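As structure tokens, the structure follows; a few thoughts come after it.
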Amino acid sequence: MQKRFYLMALVAIFSLTTQAGITTYTFTSKNWAAKVGSEQCDGVTDGWSCDQEASEYMKGSGPDAQGRIYSIGVSVKTNTSGAGATSIKSFTNVRQLTLNFCQNSSKGKGVFYYQIGTNQADSLVITKPSTSGSGVYLRDSVLRLTTPQTGKIRFWVKCTENAININSITIRAEEGGSNPFTMDTYQLVTNISQLQDSDQIIIGVHKDGVNKIMGYFDEYVSQNNIHAINGQYNADRTTVAANDEAIYTLRTIDLDGKPCFYIQDELRYEWAFLVASGGKTKNRLALWTDIADPNTYGNYGYWDITIQPDGEAVIMSMGNSVGKYIQYNETNTPTLFGCYATPESQTAVSIYRLTKATGDIAAIAAPMTNFGTVILDNGAASGSKTILVNANKLTEDITVGLKHGDIFSLSTNTLDRDGDNLTISFNATQDGKYIDTLLLQSGETKSEAVVMLTVARQMSISEVVGQPDYTMVYLNEVEVTKKYDKYVFIRDETGSMLIWDNGNKYGKDLKAGAKLTGVCGRYQNYFGVPELSPTAQWKATKGESAEPESVTLPIDSADVCRLVRLRDVTIANGQLEGDNPLPVIDAFQTGVNNGHWDIVDAVVMISWDEVQLWLIQQTNDPSTGCEPILSAPNQAQKYSDGSNIFIRHNGHIYNIIGITIK
């Protein structure tokens, strides 16, 4: 007899004219007690009756570093047969079941049987995990019906090896709750046209992993800037949870014939506005009761806003203050939101606007997919991400495609009418920014979502030094030549530069000689010093102490950030004597000693257009490391390494080739 179920979406689903919803039951004990969301089933109007108890219930652990939950659910162990339950409710037009389960690390197999009403039962064979260790993680098996069926849902489990742990069953039928996207949410703004007068907004952070939002102005916390508070972002950062301590009202207005915005804190202060209040010298963001000051600050409470497709917002004051751009400062203690002179000097922000519930209308909602920055590896970059496409009140399945489809590809061109997972992949061979549009349609209902990817190539130091200020750069492997407090001097075969690790955030325990990979950040030529402000943690591999480069005078600005070794030099009054009289600075607190020195190790730096030597060490030992065998005042001195003789005279060292000590 032909089976009425099948696994995976390899065959087209028949279209229905009925509407549907989704209900998920999570099991909470070995007698198959269940919860729907956070509401306990009462066992009468909802829930499951126990046909045969399982051996135990495992609470489990997680999430792990990748956010995965593992070892959780009702545990059916080896040689247990028939353990299962029957739903109290009868479901109409069931079209799909999703089984969420796990095994153990490398074992666990058996059969999961399921039946709806009086229809023929079917089964899902559960095999051993394909990879050792992967069995402990919860995963889904999707069971789709070729023909919708009605009735109570019954299932039972037969385990033939180790254990099978059933966590939940999700049912797609006419009985179902509303989907998450129909709730009021603060959604990421990706186009300026989405912003409307009187929008309720939250200003958040664009950068992955920085879970901060801009709080309200509190002069007891800071009179000059606005403090950052914790925000709850979803996994792809397209929504952020409402927080009454972070909600502002956006107003639109024409200023001198140009449309612009002002931002009002009407929830707490009513007539109070965000202003760039730093004047000519400061980076400040505050809340004042006026938005214009023609004498000093100009139109400092009016803002020009542009939105990038990935949601990065450039919010620029139209006033006279030097600090014009709202950004997040993650290096300050405590972290804060302030106004800065350039739009890329700190961490970018984003705007999240209150989006009201969709209600009972037909709708499709797909999140923006931003792969972030991926580094070319041997001329190629590839990857994938799975998103959840939500749907409401649809009567036809969803067709899905891409506007361009040159870099990105999709796992399928059809999704379930109640929403489904969609995997988006990319394959690129050149660096650059790539943008495509995900197109979704069910009948007359349409939706679009942005897909983005930035592909970057790693650069040598000499290539980085040629970039414009505030460019985001990614370095090849580099070596640490000197680490002191916030200063991390690095080099490769092409040159040297400085990492300004403000607050010792990324390199607290670094030592000279360490090899760094994954170094990235904003580049800036800071008054002649090539400098990188890091934006992510690099990987450090311990190495030998870095050897200085032996150089001869003169030294100039082209040598900035180099670790150098000078020989046979004289320091007087903190300055190198001779034709190249460079200041010798005790920046590393090693102590500058005047006198004649065989060796001086230093880092070349520039301060206020002046080339300086930042002293590391000075010594009078010959570079050969030999010991003297003859010494007399005012005469040449001999040194030996056991086979050769070296002569030191008037500060110079001479190698006498071929002389052997007997």
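Coordinate-derived values only; no laboratory data. Everything numeric here is computed off the predicted structure, so don't read it as measured data. All Cβ positions, even for glycine, are placed from backbone atoms using ideal geometry, and neighbour counts span all protein chains on display.
The distance between label points at ASN332 and GLU610 comes to 3.1 nm (points 7 Å beyond Cα on the Cα→Cβ vector). Indicate the gyration tensor shape class of region 185-355 (rounded, prolate or oblate), computed on the Cα atoms with a ≥ b ≥ c the square roots of the eigenvalues: a/c under 1.5 is rounded; otherwise a/b larger than b/c is prolate and the rest oblate. Rounded, because the longest to shortest axis ratio a/c is under 1.5. Secondary structure note: in the chain, about 95% of the DSSP beta bridges are antiparallel. The charge dipole of region 461-541, taken about the Cα centre with unit charges on the Cβ atoms of Lys, Arg (+1) and Asp, Glu (-1), comes to about 340 debye, rounded to the nearest 20.
Within region 140-175, list the residues whose amide N lies under 11 Å from a label point set 7 Å along Cα→Cβ of ASP51. Inside the label zone: 153-158. Ranked by the mean number of other Cβ atoms within 10 Å of their residues, highest first, the peptides 361-367, 590-596 fall in the order 361-367, 590-596.
Among the listed pairs LYS89/LYS128; LYS59/LYS158; LYS403/LYS446; LYS152/LYS356; LYS324/LYS483, which are separated by more than 25 Å between their Cα atoms? LYS89/LYS128; LYS152/LYS356; LYS324/LYS483, as the Cα separations exceed 25 Å there. Working note: 222 nm ellipticity from helices only, DSSP H runs with n ≥ 4, each -39,500 (n - 2.57), summed and divided by the residues of the chain, gives 0 deg cm²/dmol to the nearest 500.
Of (i) 227; (ii) 238; (iii) 207, which one was derived for volume of the Cα convex hull per residue in Å³ from the structure shown? Answer by label: (ii). With the simple model of a label 7 Å out from the Cα in the direction of the Cβ, ASP184 to TYR220 spans 2.8 nm. Remark: spin-label model distance ASN580-THR429 equals 4.7 nm, labels positioned 7 Å along the Cα→Cβ axis.
Give the calculated FRET efficiency between LYS505 and LYS282 to the nearest 0.05, with a Förster radius of 22 Å applied to their Cβ-Cβ distance. My answer for the efficiency is 0.40.
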